[in-house]
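Below is one structure; the comments refer to it alone.
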Amino acid sequence: MLALFTLPQASNLAKSSDDLFNFITVVDIISFIGVILAILYFIIKYHRTKTDPEKTPYIEGHPVAEGTVMVVLFVLVMIMFAWGWVDYVKQLDVPRNAMEVNVTGRQWLWNFEYTNGRKFTNELTLPIDQPIKLILTSADVLHSFFIPDFRVKQDVVPGTYHYLSFTPTMTGDFQVYCAEYCGTSHSGMLAKIHVLEKEEYEKWQKKWEWEKILGVTPSEASDKSSPTGASPPAMESPVERGKKLFTTKGCNACHSVTGQTVVGPALNGVFGHDVELADGKKVMADENYIRESIMDPNSKVVKNFQPLMPTFKGTLSDDEINALVAYVKSLGN
Ligand code: CUA
């Protein structure tokens, strides 16, 4: 009914967000008209006339009227708050079957990496009706990942991970903007999200793999009697990269992935669970906790362990940290 309705409602979060904005707008319009009418009424009723030069009366408060206004306003504002809160929590509540994509913002483009290692710049292809979890970080300065058609926006911060969870509900191309001023080409920091039907998505995946590996499309591949029917070789996924780094960077000297305690805690079964710390507190082992434990190991020491681990700040690239986090995550359950 109002301005937002010109945008498609292309995710599961869009409708409720629009409804809330419309509710707020309607409340605003009604309040505005009410206030203006009251002003006009009082101007007409109480204006001073030349024929009636009486003294301005001293007016006492009116508890019932004031109380009513306060209660009504309080209730309206609380409805807006609760509605927004419920939507916000819905956004944070990532479904178990969510498809994960790593997103890195940098001056001035967006990098996307799928869990199987496929990377794209400024283009993200997603299947419809599939819950998505974007894991966002920045390689340099603050950015903000904004998809107006999905009604989602999340600040992207260097050195930490933020999440964005939604389910695309409409096929088509949707524009991504950077919504945080980040330098000269901020306004050019654009990406496209392509949402495909499930089968189209599968086809796209196959086609992309062949093109990437053979430099040809599947039809050309069969023309040249390439190994048709054989599945294309797998690419190195972040988990595999992380597994290698785990050895080359020496993590395995202190951390087992089989449950034995070496110098530091074993890392299998950690991700996604609560970890008990030396100071008695508990912390949820999510991406940010793993990252922090690599960069600043002594800030949250696990119970019954000594703060012995050196920091890896400055010795690992963002990509390597992402890979290590992905590997530890894969040991989670
Ligand atoms: Cu990135 Cu603005």
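Do we have Gln154 as touching a Gly at 6+ places or on another chain (Cβ under 6 Å) and either away from the ligand (no atom under 16 Å from the Cβ) or of a type outside the set (Lys, Arg) (or both) here? Spell out the reasoning first.
Values: touching a Gly at 6+ places or on another chain (Cβ under 6 Å): no; either away from the ligand (no atom under 16 Å from the Cβ) or of a type outside the set (Lys, Arg) (or both): yes.
Taking the combined requirement at face value, the residue does not satisfy it.
Hey, among the residues in the range 152-205 that are in contact with a strand residue (DSSP E or B) (Cβ under 8 Å, 6 or more places away or on another chain) and on the phi > 0 side of the Ramachandran plot, which one's least open to solvent (accessible area, probe 1.4 Å)?
The qualifying residue least open to solvent (accessible area, probe 1.4 Å) is Gly172.
What's the number of the condition Ser144 fails, among (1) at pLDDT below 95; (2) in contact with a strand residue (DSSP E or B) (Cβ under 8 Å, 6 or more places away or on another chain)?
The number of the failed condition is (1).
Within the range 131-149, how many residues are of a type in the set (A, V, I, L, M), under 15 Å from the mean Cα position of the chain (by Cα) and within 16 Å of the ligand (Cβ to nearest atom)? Step through it out loud before you land on a result.
The first filter runs over the range 131-149 and keeps only residues of a type in the set (A, V, I, L, M), leaving 132, 134-136, 139, 141-142, 147.
Those left that are additionally under 15 Å from the mean Cα position of the chain (by Cα): 132, 134-136, 142, 147.
Okay, now just the ones that are also within 16 Å of the ligand (Cβ to nearest atom), so 134, 136, 142, 147.
Residues flagged as of a type in the set (A, V, I, L, M), under 15 Å from the mean Cα position of the chain (by Cα) and within 16 Å of the ligand (Cβ to nearest atom) within the range 131-149 amount to 4.
Is one or more of the residues making up the range 284-298 touching a Cys at 6+ places or on another chain (Cβ under 8 Å) and among the hydrophobic types (A, V, I, L, M, F, W, C)? Full working, then the answer.
So in the range 284-298, the residues touching a Cys at 6+ places or on another chain (Cβ under 8 Å) come out as none.
The answer is no; no qualifying residue exists.
Condition first: touching a residue at least 24 places away in the same chain (Cβ under 8 Å), within 16 Å of the ligand (Cβ to nearest atom) and touching a Leu at 6+ places or on another chain (Cβ under 9 Å). Now tell me which residues in the range 159-181 satisfy that.
Result: His162, Leu164, Gln175, Val176, Tyr177, Cys178, Glu180.
Within the range 133-151, count every residue that is of a type in the set (A, V, I, L, M, F, W, C) and on the phi > 0 side of the Ramachandran plot.
Quick first cut of the range 133-151, residues of a type in the set (A, V, I, L, M, F, W, C) only: 134-136, 139, 141-142, 145-147, 150.
The next check asks that each one be on the phi > 0 side of the Ramachandran plot; those that pass are none.
Residues flagged as of a type in the set (A, V, I, L, M, F, W, C) and on the phi > 0 side of the Ramachandran plot within the range 133-151 amount to 0.
Identify, please: which residue in the range 182-200 is of a type in the set (S, T, N, Q) and either in contact (Cβ under 8 Å) with a residue 12 or more places away in the chain or more than 10 Å from the ligand (Cβ to nearest atom) (or both) and is, among those, nearest to Phe145 (Cα to Cα)? I'd like the intermediate steps shown before the answer.
Going residue by residue through the range 182-200, those that are of a type in the set (S, T, N, Q) are 184-185, 187.
Within this subset, residues satisfying the condition of being either in contact (Cβ under 8 Å) with a residue 12 or more places away in the chain or more than 10 Å from the ligand (Cβ to nearest atom) (or both) are 184-185.
Values: Thr184: 17, Ser185: 15 Å.
Restricting to residues being of a type in the set (S, T, N, Q) and either in contact (Cβ under 8 Å) with a residue 12 or more places away in the chain or more than 10 Å from the ligand (Cβ to nearest atom) (or both), the top hit is Ser185.
Checking Ser138 against (1) surrounded by 15 or more Cβ atoms within 10 Å (Cβ to Cβ); (2) at pLDDT below 90, only one condition comes out false. Which one?
(2)
Of the conditions (1) open to solvent by 40 Å² or more (accessible area, probe 1.4 Å); (2) away from the ligand (no atom under 16 Å from the Cβ); (3) part of a strand (DSSP E or B), Val101 clears all except one; give me its number.
(1)
Of all the residues that make up the range 107-130, how many are away from the ligand (no atom under 16 Å from the Cβ) and surrounded by fewer than 17 Cβ atoms within 10 Å (Cβ to Cβ)?
Number satisfying all stated conditions: 9.
What residue, among those in the range 297-318 that are in contact (Cβ under 8 Å) with a residue 24 or more places away in the chain and open to solvent by less than 60 Å² (accessible area, probe 1.4 Å), is farthest from Val156 (Cα to Cα)?
Among them, the one singled out is Phe305.
The values are calculated or read from the model by the stated rules, or taken from the named source; none is laboratory data. No experiment lies behind these values; they were computed from the predicted model shown. Note that each Cβ is placed from the backbone with ideal geometry, even for glycine, and that neighbours are counted across all protein chains shown. Note: areas computed on protein heavy atoms with side chains; ligands, DNA, RNA excluded. Shrake-Rupley method; radii C 1.70, N 1.55, O 1.52, S 1.80 Å.
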